[in-house]
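First the structure, in the form of structure tokens, and then the observations on it.
Derivation of every value follows stated rules applied to the coordinates shown; laboratory data play no part. Since the structure is predicted, the reported quantities are computational estimates derived from the model, not experimental observations. In this analysis, Cβ positions are derived from the backbone assuming ideal geometry, glycine residues included, and neighbour counts consider all displayed protein chains.
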Amino acid sequence: MKKDSALGWLLVSVQILVFVVFILLPWREPSALSLATGGLMVIAAIVFLVWSFTSLGNALTANPVPLEDATLRTSGPFALVRHPIYSGLLFGLLGLTVIMGSWWTMAWWFTSVLFFWGKSRWEDTLLRSKYEDAWIAWSATTPALVPTIHSRKRSAP
């Protein structure tokens with residue numbers, strides 16, 4: 001468990017570095033359209049993040065290692081994606097990419113996607129180990145990062 005916690009804090013540190021580099025990249029002068037579009041994306045991401053944070057309640061922690069007494073969250077934003085905080089962060093960064101508009105920001109956004117994808121895969125292994133069958137059932141119908149529209153079979157009346 002200590003090894004997982006140490007790796008979790010390392011990933012949190014890298015995540016902070018991802019955000020710092022993003023802000024330090026060259027910006028271009030945003031157009032009114034890119035500012036409006038990107039701004040709306042950032043606002044939507046913030047709303048989604050707040051919903052995700054509040055849905056976690058007392059299980060919210062910076063370290064991605066699940067708390068010992070936490071329960072598996074599968075409702076609210078967790079019914080849309082397994083990692084809504086990462087999804088919200090990526091969508092917000094995409095909004096900043098639209099505003100900033102340089103090739104550097106686009107390349108760094110793709111790098112951020114790879115980082116959060118990898119981090120979500122690692123967190124999934126921790127969640128599966130802790131919650132076993134409940135996680136398997138939930139993950140079978142809930143995508144990791146990008147919500148999908150899928151039809152669920154309805155039972156006959």
Which shape class, rounded, prolate or oblate, goes with the chain when its Cα gyration tensor gives a ≥ b ≥ c as root eigenvalues, a/c under 1.5 marks rounded, and past that a/b bigger than b/c marks prolate?
-> oblate
Describe numerically, in nm with one decimal, the distance between label points set 7 Å from Cα along Cα→Cβ at Ser31 and at Val12.
-> 4.1
Quick shape check on the range 1-45: root eigenvalues a ≥ b ≥ c of the Cα gyration tensor, a/c under 1.5 is rounded, otherwise prolate if a/b tops b/c, else oblate, and it reads oblate
For the chain, what is the mean residue ellipticity at 222 nm derived from helices alone (per DSSP H run of n ≥ 4: -39500 (n - 2.57); sum divided by total residues; nearest 500 deg cm²/dmol)?
-> -22500 deg cm²/dmol
Neighbour cut-off at most 12 other Cβ (10 Å), DSSP loop, GluC sites (Glu not before Pro), the range 52-157 | Glu68, Glu132
Using only the Cα atoms of the range 18-67, build the gyration tensor, take square roots of its eigenvalues as a ≥ b ≥ c, and label the shape rounded, prolate or oblate: rounded if a/c is under 1.5, else prolate if a/b is larger than b/c, else oblate.
-> oblate
Between the helical axis of 84-100 and the dominant principal axis of the chain, each derived from Cα atoms, what acute angle in degrees is found, rounded to the nearest 10?
-> 10
Restricting attention to the range 48-157, which chymotrypsin sites (Phe, Trp or Tyr not before Pro) occupy a DSSP loop and are surrounded by at most 10 other Cβ atoms within 10 Å?
-> none
Once label points are set 7 Å from the Cα along Cα→Cβ at both Met106 and Ser5, what is their separation, rounded to one decimal in nm?
-> 4.4
